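See structure below.
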Amino acid sequence: MNRIPVILDGDPGHDDAIAWMLAAVSPLLEIRAVTSVCGNQTIEKTTYNAMRICTLLGITCPIAMGKPAPLMAPPMNAPSVHGQSGLDGPKLPEPAMELCELRSVELMAQVLRESETPVTIVATGPQTNVAALLLAHPELKPKIRQISFMGGGIAHGNWTPAAEFNILVDPEAADIVMRSGIPLIMSGLDVTEKALIYPADFERVRAVGNEVARVVADWLEFFYEFHRRLGYPGAPLHDPVAVVSLIRPDLLISKDLCVEVETKGEYCRGATIGHDRAPANARVNLGIDRDGFAALLVEAVAAFGEEKR
Ligand code: BDR
Ligand code: CA
């Protein structure tokens, strides 16, 4: 079976890390590159986290550092959610690899050029790197099969009443992606806030007993603590839904919509507007089989076996 070639672009981040864990064990995906972006923390911190996560998970593809700031806006981080390191919680192994000498846009371009089949980009942070790639290498667009991203929300935001964090950090980048004509799969807050993993699930994950299971259970606990204080009954695993879209689309309910990004509004900058007054540009996930998703998570950590891979 031919695996789907993917580039993982994110700002890890607890939920990015869990998304990459799902990608690493899926027999359907082949990870060709990992690229960091600034978002949850500075580019230095998210890059270091990306390398530590890949070391833990046994991901051996090239890892490149991404853009240090959004295309036009000043950087914005989320230490209240992910801590000062951007990935607070369990101790992680130090990076076992060197950082790629190319920066993210050039590594992505190289992977696209060299791939015989179009590559899927999984974007789980602000879309700065992806937009920069499209601006720098428009000729490579046909080599991008689709972009599966976590970002936005048709019904509401989380960082402001109207905007979700990933889109709010770099609305100009998201606007470029949305208008790119590349097939998009959007996993926004509409679905990701339903992808709740409860404390009882954390224990199912921990009970698997291997190193990855212990780390993932600790990440879940850390990530939940912020959301528990806001009244959530579980940890909303935003970023993993962008991977579920590729490996278990049967768990999702979606609708094709035209999604546009507000880049100018005083109150609504970063909002994603979904409508059917123009041709659809995105498959927008709106619902998820929560129990199936929780079971997938437990299965995935179990796939790491008894020992760290
Ligand atoms: C998004 O913001 C980040 O904090 C998470 O990693 C996720 O990508 C949710 O709004
Ligand atoms: Ca993220």
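Structure values in brief
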read-out	value
Residue in the range 187-199 that is among the hydrophobic types (A, V, I, L, M, F, W, C), in contact (Cβ under 8 Å) with a residue 24 or more places away in the chain, closer than 15 Å to residue 22 by Cβ and out of contact with any Leu (no Cβ under 7 Å at 6 or more places or on another chain) present	no
When residues of the range 1-41 are limited to those that are in a loop (DSSP other than H, G, I, E, B), within 14 Å of ligand 2 (Cβ to nearest atom) and not aliphatic (A, V, I, L, M), the one surrounded by the fewest Cβ atoms within 10 Å (Cβ to Cβ)	41
Within the range 203-246, tally of residues that are in a helix (DSSP H, G or I), in contact with an Asp or Glu (Cβ under 9 Å, 6 or more places away or on another chain) and farther than 15 Å from residue 289 by Cα	7
The range 227-241, subset surrounded by fewer than 24 Cβ atoms within 10 Å (Cβ to Cβ) and under 27 Å from residue 185 (Cα atoms), residue nearest to ligand 1 (Cβ to nearest atom)	236
Only listed residue being among the small types (Gly, Ala, Ser) and crowded, with 20+ Cβ neighbours inside 10 Å, chosen from 200, 173, 155	173
Unique residue being in contact with a Pro (Cβ under 8 Å, 6 or more places away or on another chain) and buried (at least 19 other Cβ atoms within 10 Å of the Cβ) when the list is 216, 261, 244, 212	261
Some residue of the range 110-122 being in contact with a strand residue (DSSP E or B) (Cβ under 9 Å, 6 or more places away or on another chain), at pLDDT 95 or above, closer than 23 Å to residue 241 by Cα and within 16 Å of ligand 2 (Cβ to nearest atom)	yes
Odd one out for residue 160, checked against (1) closer than 19 Å to residue 180 by Cα; (2) part of a loop (DSSP other than H, G, I, E, B)	(1)
Filter result for residue 112 (assigned to a helix (DSSP H, G or I) and of a type outside the set (S, T, N, Q))	yes
Residue ID - farthest from residue 63 (Cα to Cα), chosen from residues in the range 129-172 that are more than 9 Å from ligand 1 (Cβ to nearest atom) and of a type in the set (D, E, K, R)	172
Number of the condition not met by residue 80 [criteria: (1) at pLDDT below 95; (2) surrounded by 17 or more Cβ atoms within 10 Å (Cβ to Cβ); (3) over 27 Å from residue 144 (Cβ atoms)]	(2)
Tabulated pairs, the range 16-34, first over 21 Å from residue 86 (Cβ atoms), second aliphatic (A, V, I, L, M) and in a strand (DSSP E or B), C-beta under 8 angstrom, 6+ apart or interchain	28/4; 29/4; 29/6; 30/4; 30/6; 32/6; 32/7; 32/119
Qualifying positions in the range 293-309 - exposed (fewer than 14 other Cβ atoms within 10 Å of the Cβ) and at pLDDT 95 or above	299
The one condition in (1) closer than 25 Å to residue 19 by Cα; (2) out of contact with any helix residue (DSSP H, G or I) (no Cβ under 9 Å at 6 or more places or on another chain); (3) among the aromatic types (Phe, Trp, Tyr) that residue 267 fails to fulfil	(1)
Complete set of residues in the range 42-73 that are in a helix (DSSP H, G or I), within 15 Å of residue 103 (Cα to Cα), under 16 Å from the mean Cα position of the chain (by Cα) and touching a residue at least 40 places away in the same chain (Cβ under 8 Å)	46, 47, 50, 51
Check on residue 76, under 18 Å from the mean Cα position of the chain (by Cα), assigned to a loop (DSSP other than H, G, I, E, B) and closer than 24 Å to residue 222 by Cα	yes
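The values are calculated or read from the model by the stated rules, or taken from the named source; none is laboratory data. None of the values given here were measured: they were computed from a predicted structure. All Cβ positions, glycine included, derive from the backbone under ideal geometry; neighbour counts span all protein chains shown.
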